[in-house]
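As structure tokens, the structure follows; a few thoughts come after it.
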Amino acid sequence: MSAEVINGKELAAELKLAMKEEVSELKEKGLTPHLTVVLVGDDPASKSYVNGKKKASKETGISSDIIELPTSTTETELLQLIDKLNHDQAIHGILVQLPLPEHIKEQSVIEAIDPQKDVDGFHPINIGRMMAGKDTFLPCTPFGIITMLKSRDIQIEGRHAVIIGRSNIVGKPVGQLLLNENATVTYCHSRTKGLQSFTKNADILIVAVGKANAIHAEDIKEDAVVIDVGINRVEDGTLTGDVDFEQAKEKASYITPVPRGVGPMTITMLLKNTIKAAKGLEN
Ligand code: NDP
């Protein structure tokens, strides 16, 4: 039987509708969540992501602004700007679009953002809070993945989740979130030997490699839940994930498509984090 496709675009639209109501209630109480996005340089992909974030904010009533800086901006100048934004009471969320130009150390910038305004969830304090299972800003893509699983009441507890990819923004945190939900978690990466022996044992398979067709039907277990995080532009210009969707959907129980899968959820979770930032974290 063909898998149930979890459409991230539709789920994101539902969540945004609910957030719009929440934002409107906050506004009535005099609190308008505000997101400031900082873009350094003129990378077209980054520009398009940033504009997407502004558009999505507007849809939910969250106010936002984009601060565009030239590629020549020094690390000191950027850190000074972040310090100013950290102290601005009207700004609840700060996001510095990555990647940054090579002469700026990303980690220094991530650590300069006030953890209470770190809506990307990349600050070490927030990563630590996530590991400890405390209230925090969850990194947006892993947060989106967990939300997709929960939207279909997919059982996580006691199941074997296999993550392919160990980046700081996707692989590592999604594994931690699944562990927090009582899954048994295995991480795979480019040095993993016998990848298929792990993937074939996965009840929940998260693929975040960045290579088109990295995973085929023969790599997955019957009735597995398959979450495809990859975004790859192929020769004909279209976008595709890391999983051979057409084949895999005949074997999986649930699967996410690309596009209209994890991608739209990522921005939506940023909005959720911005609302959370406006309300303040719990201890
Ligand atoms: P990275 O390049 O940082 O990480 C890729 C990971 O895949 C690494 O851990 C790497 O291992 C592993 N890997 C590479 N080749 C293999 C292989 N042959 N077998 C097993 N593991 C392998 O990518 P990201 O995590 O940032 O992103 C992954 C994909 O997800 C990309 O396509 C990206 O565009 C997409 N993405 C999508 C988002 C969304 O919103 N949908 C958000 C963020 C990313 P090693 O560590 O050993 O190098």
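For LYS20, a cut-off of 24 angstrom between C-alpha atoms picks up these lysines, skipping any fewer than 8 places away in its own chain: LYS9, LYS29, LYS53, LYS54, LYS55, LYS58, LYS117, LYS150, LYS272, LYS276, LYS279. The GNM of the chain, with springs linking C-alpha atoms under 10 angstrom apart, assigns the highest mean-square fluctuation among LEU15, LEU78, LEU98 to LEU98. In a reduced charge model with +1 at each Lys and Arg Cβ and -1 at each Asp and Glu Cβ, the chain shows a dipole moment near 280 debye about its Cα centre. Counting only residues at least eight positions apart within a chain, or on another chain, the aspartates and glutamates with an alpha carbon under 14 Å from that of LYS211 are ASP228, GLU235, ASP242, ASP244.
Charged side chains reduced to their Cβ positions (Lys and Arg at +1, Asp and Glu at -1) give the range 134-180 a dipole of some 120 debye around its Cα centre.
In sequence order, the range 197-203 has phi-based couplings of 5, 8, 4, 5, 9, 8, 6 Hz under the Karplus curve 6.51 cos²θ - 1.76 cosθ + 1.60, θ = phi - 60°, and Gly or Pro positions carry x. Residue ranges 158-171, 104-117 sort as 158-171, 104-117 when ordered by packing (mean number of other C-beta atoms within 10 Å per residue, highest first). Peptides 63-74, 252-263 ranked from most to least packed, by the mean per-residue count of other Cβ atoms within 10 Å: 252-263, 63-74. Counting neighbouring beta carbons within 10 Å and listing from fewest to most, the residues GLU235, GLU14 come out as GLU235, GLU14.
In terms of surrounding Cβ atoms within a 10 Å radius of their Cβ, LEU149, LEU270, LEU39, LEU239 rank from fewest to most as LEU239, LEU39, LEU149, LEU270. Look at the dipole of the range 55-160 built from charges on Cβ: of LEU69, HIS87, GLY121, the Cα furthest out on the positive end belongs to GLY121.
Every number here is computed from the coordinates shown, using simple stated rules; none is lab data. Quantities reported herein were computed from a predicted structural model and do not represent experimental measurements. Neighbour counts are summed over all protein chains in view; Cβ atoms, including those assigned to glycine, are modelled from backbone coordinates with ideal geometry.
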